[in-house]
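K.L.:
Just passing along the structure, written as structure tokens.
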Amino acid sequence: MAATPATAAEGPPQPQPHAPEPGPGSTKRGGEDSRAGRLSFCTKVCYGIGGVPNQIASSATAFYLQLFLLDIAQIPAAQVSLVLFGGKVSGAAADPVAGFFINRSRRTGSGRLMPWVLGCTPFIALAYFFLWFLPPFTSLRGLWYMICYCLFQALATFFQVPYTALTMLLTPCPRERDSATAYRMTVEMAGTLMGATVHGLIVSGAHRPHRCEATVTPGPVTVSASAAHLYCIAAAVVAATYPVCSGLLCLGVKERPDPSAPASGPGLSFLAGLGLTTRHPPYLKLVVSFLFISAAVQVEQSYLVLFCTHASQLHDHAQGLVLTVLVSAVLSTPLWEWVLQHFGKTTSAFGIFVMVPFAILLAAVPTAPVAYVVAFVSGVSIAVSLLLPWSMLPDVVDNFQLRHRYGPGLETIFYSSYVFFTKLSGACALGISTLSLQFSGYKAGACKQAEEVVVTLKVLIGAVPTCMILTGLCILMVGSTPKTPSQDASRRLSLRRRTSYSLA
């Protein structure tokens with residue numbers, strides 16, 4: 001459907017004054033504007049470093065928190081599941097709350113988003129440390145870790161929402177925003193790798209290698225003081241990254257007001273803005289498609305180690321496979337940025353599909369050589385699945401601003417609601433998949449699981465991610481791409497950035 005120019009409803013066309021011919025001066029000014037929108041290498045790196053602490057902490061909790069709560073804190077499994085579920089729910093619920101408060105905040109000397117990042121830093125560092133602290137009492141440890149994990153997830157959200165929304169306020173140039181997003185994803189993936197390795201190396205002495213034996217000693221194992229001490233050291237190391245990286249972010253990144261946002265646009269409340277954004281077709285297509293894709297990635301990651309342990313003879317390769325996935329994702333992110341810049345986002349989206357045949361191959365042929373190849377390819381696909389939505393979101397915000405012409409501040413609504421929906425989809429996918437394990441007869445701590453459990457794990461590692469990825473890609477590719485109304489030269493110069501959402 002053809003778009004109507006903004007002046008069409010203002011009455012009959014009026015004679016326009018003669019526009020001056022573009023001369024050398026206008027070309028020079030255009031070049032100056034283009035150079036003004038460029039981000040330095042230092043700025044991109046500092047922006048990427050700002051997201052490292054959350055990724056390190058998330059990686060450490062994903063791999064080791066459940067093990068810590070069961071073996072070190074010795075909390076009953078039912079309470080552990082309640083702690084993990086409550087934390088995820090609090091993190092998801094904090095996203096719209098964060099968007100509401102950040103959307104209503106005023107711009108200060110250091111910007112509108114940066115104060116939120118800096119203000120959350122000391123509190124999230126403390127919450128993370130106490131999450132791994134072993135309290136002297138035993139009867140209320142479940143409640144202690146429930147409170148700490150909920151606080152950590154909520155504070156991490158209040159840290160992450162303004163940090164990711166800062167992409168819109170770094171530069172008006174879409175190409176530079178995509179480049180900054182790629183730098184952020186690369187450095188964050190390196191942080192994920194650091195979290196899995198550094199935390200694991202520190203706490204490795206807290207766990208003896210477990211091997212199935214003919215006789216098993218009943219009753220809980222006494223936890224040594226040194227094991228709890230090692231976890232405290234690892235927690236302190238990770239918590240220290242928050243003030244260090246936040247300081248580098250503040251020193252190296254300058255938040256600038258959006259030059260293309262209509263300064264005189266009407267104000268919009270958070271709830272009204274949320275209603276408008278969730279009815280915006282490009283945003284709906286983006287969110288719904290990546291609900292399936294992100295859930296597939298989370299299921300694949302969560303059950304990789306479990307599959308290696310109980311559904312194949314790959315338990316000795318589990319840590320190597322995890323590192324292969326993470327290293328592959330880190331190294332392939334710059335390549336996907338280049339593909340995105342030169343071939344478009346449609347071509348980049350097909351990189352997610354590469355995971356599908358290899359996931360099925362791993363479930364069918366669970367041998368070590370195949371597993372390492374699948375881990376490498378999965379890391380490549382995971383990289384583009386994480387990079388692509390954050391590269392598309394700024395385009396969606398541009399398109400929305402062009403159509404509705406509201407004042408600045410809506411980027412936090414887009415970003416917070418997107419994170420909320422993806423967290424909710426991941427929580428539902430992992431919850432349902434865990435229930436399927438329970439129904440199949442999974443026994444925690446058992447040396448050998450039933451054949452039904454093995455089949456269920458193969459389905460979870462192969463068929464489930466395949467169906468989710470194919471569904472998400474179909475939604476992303478189907479449908480017409482919104483077109484930007486044509487703009488005259490002066491309007492285009494005032495916008496100073498691309499105002500279209502396009503997958504091409």
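The values are calculated or read from the model by the stated rules, or taken from the named source; none is laboratory data. Everything quoted here is computed from the prediction, not taken from an experiment. A quick note on method: Cβ atoms are made from the backbone with ideal geometry, for glycine too, and the neighbour counts reach across all protein chains shown. Only protein heavy atoms, including side chains, enter the accessible area calculation; ligands, DNA and RNA are left aside. Shrake-Rupley method; radii C 1.70, N 1.55, O 1.52, S 1.80 Å.
K.L.:
Would you check if there is a residue in region 119-138 being farther than 16 Å from Val83 by Cα, of a type in the set (Val, Ile, Thr) and within 24 Å of the chain's Cα centre (by Cα)?
P.N.:
There is at least one residue in region 119-138 that is farther than 16 Å from Val83 by Cα, of a type in the set (Val, Ile, Thr) and within 24 Å of the chain's Cα centre (by Cα).
K.L.:
Give the residue that is modelled with the highest pLDDT, with candidates limited to residues of region 255-282 that are in a loop (DSSP other than H, G, I, E, B) and exposed (fewer than 14 other Cβ atoms within 10 Å of the Cβ).
P.N.:
Step one: of region 255-282, the residues in a loop (DSSP other than H, G, I, E, B) are 255-269, 279-280.
Right, trim to exposed (fewer than 14 other Cβ atoms within 10 Å of the Cβ) and you get 256-257, 263-264, 266-267, 269, 279.
Details: Arg256: 71, Pro257: 64, Ala263: 44, Ser264: 42, Pro266: 48, Gly267: 52, Ser269: 60, Arg279: 76.
Restricting to residues being in a loop (DSSP other than H, G, I, E, B) and exposed (fewer than 14 other Cβ atoms within 10 Å of the Cβ), the top hit is Arg279.
K.L.:
Quick one: how many residues across region 398-450 are at pLDDT 75 or above and small (Gly, Ala, Ser)?
P.N.:
Of the residues in that region, 7 qualify.
K.L.:
I'd like to check something: does region 127-140 contain any residue that is in a helix (DSSP H, G or I), under 15 Å from Val161 (Cα atoms) and open to solvent by 70 Å² or more (accessible area, probe 1.4 Å)?
P.N.:
no
K.L.:
Could you check Thr333 against (1) surrounded by 22 or more Cβ atoms within 10 Å (Cβ to Cβ); (2) not in a helix (DSSP H, G or I) and say which number it fails?
P.N.:
(2)
K.L.:
Would you confirm, using the coordinates I've provided, whether Cys148 is open to solvent by 10 Å² or more (accessible area, probe 1.4 Å) and within 30 Å of Leu437 (Cβ to Cβ)?
P.N.:
On the way: open to solvent by 10 Å² or more (accessible area, probe 1.4 Å): yes; within 30 Å of Leu437 (Cβ to Cβ): yes.
In short, yes.
K.L.:
What pairs come out if I take residues in region 312-334 that are closer than 23 Å to Lys448 by Cβ and pair them with residues that are open to solvent by 10 Å² or more (accessible area, probe 1.4 Å) and part of a helix (DSSP H, G or I) whose C-beta lies under 6 Å away, six or more apart or interchain?
P.N.:
Close Cβ pairs satisfying both conditions: His315/Thr309; His317/Ala368; Ala318/Val305.
K.L.:
With the checklist (1) at pLDDT 80 or above; (2) over 22 Å from Gln55 (Cβ atoms) in hand, flag the one item Phe152 doesn't pass.
P.N.:
Failing condition for Phe152: (2).
K.L.:
Related question: If a residue must be under 16 Å from Val380 (Cβ atoms) and either aromatic (Phe, Trp, Tyr) or open to solvent by 40 Å² or more (accessible area, probe 1.4 Å) (or both), how many such residues does region 283-324 contain?
P.N.:
To start, the set of residues in region 283-324 that are under 16 Å from Val380 (Cβ atoms) comprises 293, 296-297, 300-301, 304, 321-324.
Keeping just the survivors that are either aromatic (Phe, Trp, Tyr) or open to solvent by 40 Å² or more (accessible area, probe 1.4 Å) (or both) gives 301, 323.
The number of residues fulfilling the criteria is 2.
K.L.:
If Val203 satisfies every condition in (1) of a type outside the set (Gly, Ala, Ser); (2) open to solvent by 20 Å² or more (accessible area, probe 1.4 Å); (3) modelled with pLDDT under 80 but one, which is the exception?
P.N.:
If we test Val203 against (1) of a type outside the set (Gly, Ala, Ser); (2) open to solvent by 20 Å² or more (accessible area, probe 1.4 Å); (3) modelled with pLDDT under 80, just (2) comes out false.
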